[in-house]
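Peer 1: Can you read through this structure? Questions will come right after.
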Amino acid sequence: MDVMWKPARRHRRKPPETELPIDCGDINRVRRVASQSSPCLVSTSHVTEYREKGDIILGLIGPINTPTIQTQFTFTTRPQPWPCDWFRRDQYKSIIALLFATKELNENPLIPNITLGFQMLDSCFTEASALKATIQVISGGENPIPNYRCGGRPWVPAVIGDPLSTSIVSMSRMLGLWRIPQISYAASLPILSNKLEFPAFLRTTVSVAGQPQAIFDLCKVFRWTWIGILITSTDYGTQAGIDLRMHASKNGVCIAFYETIALDSSIKNLPKIVDIVLKSTATAIFLFVSPPEIYYILMEVIRQNVTGKMWVGIEAWYTSPAFLQPDFWNLLDGSIGIARSRKVLPNFPAFLQSFNPSTYPRMLSILEYWEVLFNCKWPPTLANLSSSTGVPLNSKACTGSEKLVTNDIIEYNDPISQAVYMAYNALYAIVHALHNLLSCKPGEGPFTGKSCGDKSDIQPWQLLHYLKRVMFVNTANEKVSFDDKGDIYGHFDILNWILEEKKGQYRKVGTFNNYIIDGQKLVLNVTAIQWPGVFRKIPSSVCSADCPPGYRKAPQKGQPVCCFDCLYCPEGMISNQTNSLDCYLCPEDQWPNKNKTKCIPKVIEFLSYEEPLGLVMALFSMIFSLTSMTVFCVFVKFQNTAVVKANNRNLSYVLLLSLKLCFLCSLMFIGCPLKMTCTIRQSLFGITFSLCVSCILAKTIIVVIAFKATKPGSNLRIWVGSKTAILVVSTATSVQVIIILIWLLRFPPFLEINYHVLPGIILLECNEGSVVMFYCNIGYLAFLATISFVVAFLARNLPDSFNEAKYITFSMLTFLSVWSTFIPAYLSTKGKYVVAVEIFAILLSSFGLLCCIFGPKCYIILLRPSMNTKEYLMSKSN
C-alpha cells in the first residue's frame, strides 16, 4: 500500500492538502504532486540499484563507476588515462565488505528472528548522483521523490555511505533534516564533526583533523622546513589548506609552493604545476589530493622526468589505483604516506575464497569488477563491457572460478583495504544500536518518561540516539565507539611504500594518534624506513642549510623565515644549538671557546714569575741590583781615593742605595697582585726615585756651589758641606712623600678583578685609585729630573777635572727620555703588558743613572788607578 512520507516525530506537522496518498505507479501524477509540494527537482534518470531482502532494510550508497572527465589534456607516455565511465575497483572492496558483514550478521544474528537487508545504490563519484541516490533510498521508489515514501517496504532506519567527503556534505544536510542516521566509512572531512550542521552524521573512519599535525610532526622528525604542497580544490582540500597553513606557521615550516588541482578545470595547467615542482628547491612534496588527481599528477611527473623528490601523501592518496600499477612503482619507491589504521577481519578471507559472480549475480557491476581485477573478458552473451572497463579485446576469457585471495593479488592485504574494515564496522555499529533499541525494557528507556522506542515502527531519531552511544568489540577484537562529535576513536598508520622483488608493497613504520592529550602523538621507527634510491638516507628539504652551533640565523630580506644566512656569533657570545636565532653572552668569568659553541672559564692573567717576560724582568732587576751593590762596595773600598772624595762620597753612597731600591721595587710589580702590594708598590717606587733624583740634584747644586765658592770673597763656602746635600735631598723627597700620603689617604690603590679589558681574560691588576695622583707622582719626578738636567747642563763646561756635571747631564737626559716614552706606551698597552712597560721604564731609567754617573768613576778606580790620585786631578785641572 502506498504510504505518505512521515517526517521525524519532533518535526510532525499537519500534511497539506496536496500531500495525499498517491499511486507511485502513476508517474505523471507523482511528478506533478512532487513539483507542487517540494522545491527539489525531480529527475527521471534511474540510479543503479541492488537490493537484498530482509526484515530491516538499510540504505547503502557508494561510488562504483567513474563519470566522464572532459579534458583536452593528453599524455604521451604510459599508462594511458582512464577512459570515460571506467569502472573503479578501488571502492568496490568496501561494497564486498558490506555484503560480507550482512551475510555474517544474518548467519549469526545479534537480533533474534530478524534478518538484515539493504538497498544499494551507485553514487557514481558525483554529488548529484549521491543526492539522487539519497532521495531514492529514503523515498523508496525507483524515481526519487523528495518528502515522500512510496511502496510497502519498511522504513529505512539508517544509511551507510557515501565514502567521499564532497558527496557526504550534501547528503548529510538532507538526512539531518529528519535525523536519519548516516555512517560513512571513509569521509574524513573535519567539518563533518560539526553536530550543529550535521546532527545525524557519524563515521567509522578517523577524521583528518589531525593529519596536518601528523604531517608537521613528520617534518620535525625529518627536519624538513621547506616543503611543497599540491592540494585538491574540493571542500576537503579547502579546509585542509587552512589547517596546513596554520600548522606550518606554528611548527616553523615554510611552504615553498602551494598549488591547487582540480580535474575539471586546472587539469590543463598540470604541466605547469609539475614544472613548478621540478624547479623548486623543496625536496619533500606533500600530496593532499584525491585518488583520480594522484593518477594524473604521477602521469605528468613521469612525463617530465621529475626526480630527486620525496613524495608524502595523506590518507586519500593510498586509495589511488596508481599504487596498483607497476608503471608508478619506481617513482613511488620509498614514498611515505598516512593511512587510517585497520585490522584484518578474521572471517573475511574465507568469504573472499567463495565470492564470485555466481554467488551474487545481480550485484552492482560485479562483471565489470571481475574483468578489471583478473584482466579477462566475459563472453558477449554475458556482457559487452570492453568499452566501459578498458579491458583489451584480446584478453583471456573470464570463467568466474578465479579466486580473489591469491599470492598475486595484494589489494586485499594492504592498507588500501582499510575501507573494508571501516565499512564492516559501520554496518555492525548500526546493528548493535538496533539491538540496544529493541532490547529496551519499558520504564527503563532513554526517552521521555523513561519510555522505549516503538519496536514495531522504528524511528530514525530513536536509532540515532542509541547509535551515538553504541560500544562493542568487533570480530577483530577491537573496541568500537564514537566520541561526542560522531567520530570513531582511532589513529593513523605511517606507511612506507617499497619495491621488493619487483613488486610494490607497504610497510608500517609508525603511528599517529591525535586522541593522545599528554604524550607523544607520533611514534615512528625511522630506521625501518626505506628511502628513495636517489637518497638512501633521510632527504634534506630546507631552503637554507642548518646554521651550526657558533652561528645565528639572519633572515633574508623578502624571503620566508626558513630562508636565512648564517652569521658568526660576535665576540664574547655563543650559540650552542643548531639554527639558533640569537647568540648569548657568556657569564663574566667565562668566555667562548674557539668555535663559540660553549662558554669556558676565562684565563686569569697577571705578570707572573713563571712566564718568560716576568722571569726576564725579575732577572734583570736582580742583576742591576747586584751591580749597584757592587759599585757601592767598590766606592766603600776605595773611599779614600781622589775620585770618590771629589764626587761627594756620602751622596754617592745614598744614591747607590736608592738605585738599589729602585731596582728592587720593580719586583713589587711582578707576581700575583695582592692588596698590600697594590697599596705600597707605587708609593715605594715614587719615594725611592724621588730620593735618587734628589741626590743627583744635590750633587749638581754642590758642584756649581763648589766652583763658585773658589772665587775670592765668595760667601758660598758655607754651602759646600753636607748641610746643602741634606737640605736638598730631604726637601725634594718630602714633597713626594706628601703627594704619596695624599694619594694613599684619599684615593688609595686597590686590587681589581677586570673582566672586560681583554677578551677571554680575567685580569688581576692594581687599580691606581686616581689617575691624577699617579701622574702627579710621575710628573714630580720629571720636574726634579728637569731641574737637575738644566743645572747640570749649565755647569757641564766647568774647568774642574773632577767635575761630574756632564755625566749628570747625560743621566738626566736618559732619565727624561725613558719616562717621556713611558707615557704613550703606558696608555697604549693593556693587561699585564702595562705592568711590564712600567717595570721596563724603572729598570732602564735606573740603569741609565747607574751607568752615566758611576760608570766613568768605576772605570778610573778599577782600570786606571794612575788617574785616581790628587796630583793627577790637580794637574788635569791646571
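The values are calculated or read from the model by the stated rules, or taken from the named source; none is laboratory data. Note that the structure is predicted; figures quoted are calculated from it, not measured. Cβ: placed from backbone, ideal geometry, glycine included. Neighbour counts: every protein chain shown. In case anyone asks, the SASA skips ligands and DNA or RNA and just uses the protein heavy atoms, side chains included. Shrake-Rupley method; radii C 1.70, N 1.55, O 1.52, S 1.80 Å.
Peer 1: Output the number of residues of the stretch 738-773 satisfying the condition of being farther than 17 Å from C678 by Cβ, loosely packed, with under 15 Cβ neighbours inside 10 Å and in contact with a Gly (Cβ under 7 Å, 6 or more places away or on another chain).
Peer 2: 1
Peer 1: Count, please, the residues in the stretch 746-764 that happen to be touching a residue at least 60 places away in the same chain (Cβ under 8 Å), part of a strand (DSSP E or B) and either closer than 20 Å to E571 by Cβ or in contact with a Lys or Arg (Cβ under 8 Å, 6 or more places away or on another chain) (or both).
Peer 2: 5
Peer 1: Consider F669 against the criteria (1) surrounded by fewer than 22 Cβ atoms within 10 Å (Cβ to Cβ); (2) under 60 Å from the mean Cα position of the chain (by Cα): it satisfies all of them except one. Which criterion is unmet?
Peer 2: Among (1) surrounded by fewer than 22 Cβ atoms within 10 Å (Cβ to Cβ); (2) under 60 Å from the mean Cα position of the chain (by Cα), F669 violates only (1).
Peer 1: Every residue in the stretch 288-347 that is part of a strand (DSSP E or B), in contact (Cβ under 8 Å) with a residue 40 or more places away in the chain and of a type outside the set (V, I, T), please.
Peer 2: F288, M310, G337, A339, R340
Peer 1: Right, here's the next one. So which residues in the stretch 672-687 are open to solvent by 10 Å² or more (accessible area, probe 1.4 Å) and part of a helix (DSSP H, G or I), if there are any at all?
Peer 2: K675, M676, T677, T679, I680, R681, S683, L684, I687, listed by residue number.
Peer 1: Among residues belonging to the stretch 155-191 that are charged (D, E, K, R) and surrounded by 20 or more Cβ atoms within 10 Å (Cβ to Cβ), point out the one that is farthest from the chain's Cα centre (by Cα).
Peer 2: So the residue we want is R179.
Peer 1: Now, a different point. Just to be sure before I move on: is I623 open to solvent by 60 Å² or more (accessible area, probe 1.4 Å), touching a helix residue (DSSP H, G or I) at 6+ places or on another chain (Cβ under 9 Å) and hydrophobic (A, V, I, L, M, F, W, C) in the structure I sent?
Peer 2: For I623, the condition - open to solvent by 60 Å² or more (accessible area, probe 1.4 Å), touching a helix residue (DSSP H, G or I) at 6+ places or on another chain (Cβ under 9 Å) and hydrophobic (A, V, I, L, M, F, W, C) - is met.
Peer 1: Would you mind stating whether V703 is of a type in the set (V, I, T), more than 30 Å from P759 (Cα to Cα), modelled with pLDDT under 90 and part of a helix (DSSP H, G or I)?
Peer 2: For V703, the condition - of a type in the set (V, I, T), more than 30 Å from P759 (Cα to Cα), modelled with pLDDT under 90 and part of a helix (DSSP H, G or I) - is met.
Peer 1: I've got another one for you. Tell me, please, whether a residue that is outside any loop (DSSP other than H, G, I, E, B), charged (D, E, K, R) and open to solvent by less than 20 Å² (accessible area, probe 1.4 Å) can be found in the stretch 636-649.
Peer 2: Taking every residue of the stretch 636-649 in turn, none turns out to be outside any loop (DSSP other than H, G, I, E, B), charged (D, E, K, R) and open to solvent by less than 20 Å² (accessible area, probe 1.4 Å).
Peer 1: Residue by residue through the stretch 573-588, note down the ones that are surrounded by 17 or more Cβ atoms within 10 Å (Cβ to Cβ) and assigned to a loop (DSSP other than H, G, I, E, B).
Peer 2: Listed by number, the residues that qualify are S575, N579, S580, C583, C586.
Peer 1: Being assigned to a loop (DSSP other than H, G, I, E, B) and at pLDDT below 85: is that true of G151 here?
Peer 2: For G151, the condition - assigned to a loop (DSSP other than H, G, I, E, B) and at pLDDT below 85 - is met.
Peer 1: Could you list, in sequence order, all residues of the stretch 361-386 that are at pLDDT below 55 and open to solvent by less than 90 Å² (accessible area, probe 1.4 Å)?
Peer 2: A383, L385, S386 - these are the residues of the stretch 361-386 that are at pLDDT below 55 and open to solvent by less than 90 Å² (accessible area, probe 1.4 Å).
Peer 1: Being open to solvent by 20 Å² or more (accessible area, probe 1.4 Å), touching a helix residue (DSSP H, G or I) at 6+ places or on another chain (Cβ under 9 Å) and at pLDDT 90 or above is the requirement here; does Y826 meet it?
Peer 2: Considered against the rule, which asks whether it is open to solvent by 20 Å² or more (accessible area, probe 1.4 Å), touching a helix residue (DSSP H, G or I) at 6+ places or on another chain (Cβ under 9 Å) and at pLDDT 90 or above, Y826 comes out as no.
Peer 1: Okay, moving on. I need every pair where a residue in the stretch 545-563 that is under 22 Å from Y258 (Cα atoms) has its Cβ under 8 Å from the Cβ of a residue that is open to solvent by 50 Å² or more (accessible area, probe 1.4 Å) and of a type in the set (S, T, N, Q), sequence separation at least 6 or different chains.
Peer 2: Within 8 Å, the pairs are C563/Q556.
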